[in-house]
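Report on the structure given below.
Here, each number is a calculation from the coordinates, and none is a lab measurement. Not measured: the values here are computed from a predicted model. Every residue, glycine among them, receives a Cβ derived from its backbone with ideal geometry; neighbour counts consider all protein chains shown.
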């Protein structure tokens with residue numbers, strides 16, 4: 001009889017504040033399972049790992065670093081994914097439970113879904129569990145004292161890379177727009193928000209929950225400035241504007 | 001000198017699984033602050049309270065129930081809100097810290113934002129804090145083993161009440177669509193998903209994380225059936241469809 005596979009668990013840690021680790025994630029971290037955690041380069045600091053370290057947990061012996069490079073080079077990415085999945089599958093095949101540390105929520109713009117899929121291609125019978133967590137945008141809304149959405153409203157979350165045309169269009173249909181990874185697009189977005197009179201309705205949040213978290217309400221002040229990769233913007237149109245659109249047909253509205 | 005106001009804290013409890021309460025929320029619950037919790041009718045069971053009870057916490061003496069009726073009667077709603085805000089403000093004015101128990105995330109389709117605003121109208125200097133939490137849709141994605149969004153994708157979250165026309169339109173532009181409060185619209189939505197060939201890409205989740213959680217992958221089987229108010233649907237279009245749209249211009253695409 002072959003040894004049963006270990007279970008693969010995506011453990012969401014929330015976006016940075018160690019207080020936002022859930023009780024279930026905490027138990028999984030302390031369960032004696034093997035830890036694996038992502039880095040963008042070999043030997044580099046892992047942001048996910050830094051969250052649990054700030055929570056006061058020490059990294060158990062045998063924790064494994066997996067490299068997920070930030071590159072658009074398809075070949076390099078493929079190779080990295082194959083290595084990561086192979087390493088994970090090998091640990092699971094030993095019968096070890098493996099917890100994969102994920103910043104934010106494991107189902108929301110995270111690598112865990114893809115990792116689990118690639119691992120399943122190798123070990124079709126492996127048991128995969130996801131422990132959900134607090135998303136960066138929920139934490140950003142809380143940090144700024146803003147609402148993401150109230151009863152009957154609409155919310156869209158998109159990577160800023162979709163471009164100002166797409167953002168401009170979505171601003172018509174949604175009460176709140178969350179723009180992720182604004183770094184390379186920041187000036188263009190600020191111009192758009194100014195053009196549309198939405199600067200006062202916008203807020204920039206960098207590394208939410210980390211010791212160097214930064215909340216900027218005067219987003220125009222960020223023009224030309226360098227910001228961290230872990231940054232997002234919340235745009236929530238003032239109520240009277242939203243009400244006007246709602247009367248005009250809301251999410252269906254075309255320009 | 002007047003006594004300083006207590007602090008108003010929105011404590012997100014996650015959508016139902018007591019394991020999804022964060023460490024910070026747990027500390028706030030155990031801080032000795034006064035608890036207030038929402039019910040939809042006087043003396044009725046509070047869903048938020050049931051989560052902390054299932055977590056093994058006992059309700060402290062002096063916990064206060066606030067009634068937020070489920071009605072469209074503007075006068076009744078206004079009156080209920082005024083009562084709730086008045087009661088909260090009175091407690092805060094005594095110098096007591098008050099934690100308001102919120103199911104899911106306090107910034108995401110919750111009553112807390114509005115309550116805080118109305119309380120602030122009475123006590124402009126009051127200190128308000130929000131402890132973010134796991135949203136129902138993040139937990140639903142985890143429970144079904146689905147991804148809400150992967151790198152470079154788009155996500156929209158809307159109340160199903162926007163109607164099938166709006167949903168139909170948004171399905172063109174978004175990789176994943178979360179439909180909240182599907183109960184009164186369920187049959188219409190199922191018809192739309194069938195028409196668009198999206199039944200296999202859809203999933204229904206009721207009371208996620210509660211002991212009577214229900215996940216239905218065969219959503220067509222729900223036609224004509226009664227479902228709970230706390231239910232949502234995830235619609236995630238198959239990758240090949242999304243890729244086709246992406247090539248055609250993605251979120252910008254118009255029909």
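Summary table
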read-out: Reciprocal of mean inverse Cα separation for the range A:18-83 (Kirkwood radius, Å); value: 13.2
read-out: Computed E for residue A:44/residue A:194 - FRET, C-beta separation, R0 22 angstrom, nearest 0.05; value: 0.05
read-out: Helical mean residue ellipticity (222 nm; -39500 (n - 2.57) per DSSP H run of 4+; nearest 500) of the protein assembly as shown; value: -10000 deg cm²/dmol
read-out: Copy-to-copy label separations for residue A:164, where each label sits 7 Å from Cα toward Cβ, in nm and ascending; value: 4.0
read-out: Distribution of pairwise C-alpha distances over the range A:1-118, 5 Å bins, in %; value: 2, 12, 22, 25, 21, 12, 5, 2, 0
read-out: 7 Å along Cα→Cβ, label-point gaps from residue B:31 to other copies, nm, shortest first; value: 3.1
read-out: Beta bridge orientation in the protein assembly as shown: antiparallel %, DSSP, nearest 5; value: 40
read-out: Nearest-ten-degree value, helix B:164-173 long axis tilted from longest Cα axis of chain B; value: 70
read-out: The protein assembly as shown, Cα convex hull volume normalised per residue, Å³; value: 167
read-out: Share, in percent, of DSSP beta bridges within the range B:136-252 that are antiparallel, nearest 5; value: 70
read-out: The range A:136-249: relative contact order in percent, alpha carbon pairs under 8 Å with at least 6 residues between; value: 29
read-out: Percent of beta bridges antiparallel (DSSP, chain A, rounded to nearest 5); value: 40
read-out: Residue A:78-residue A:125 FRET efficiency (beta carbon distance; Förster radius 30 Å; 0.05 resolution); value: 0.80
read-out: Average other protein chain Cβ within 10 Å of Cβ, residues A:160-168; value: 3
read-out: Residues residue A:53 and residue B:94, FRET efficiency given R0 of 56 Å [Cβ-Cβ distance, rounded to 0.05]; value: 0.90
read-out: Quarter of Cα convex hull surface for the range B:136-252, i.e. mean projection, nm²; value: 6.8
read-out: Cα-based Rg / Dmax (Å) for the range A:83-188; value: 18.0, 53
read-out: Cα convex hull volume per residue for chain A (Å³); value: 152
read-out: Position residue A:187, label points 7 Å along Cα→Cβ, spacing to each other copy in nm (shortest first, one decimal); value: 5.7
read-out: Sorted by Cβ density within 10 Å, fewest first, the residues B:188, A:153, B:65; value: B:188, B:65, A:153
read-out: Inter-part distance where the range B:73-126 and the range A:110-155 are each reduced to a Cα centre, Å; value: 29
read-out: Relative contact order, percent, chain B [alpha-carbon distance under 8 Å, six or more residues apart]; value: 21
read-out: Ranked B:20, A:230, B:101, B:155, criterion: other C-beta atoms within 10 Å, fewest first; value: A:230, B:155, B:101, B:20
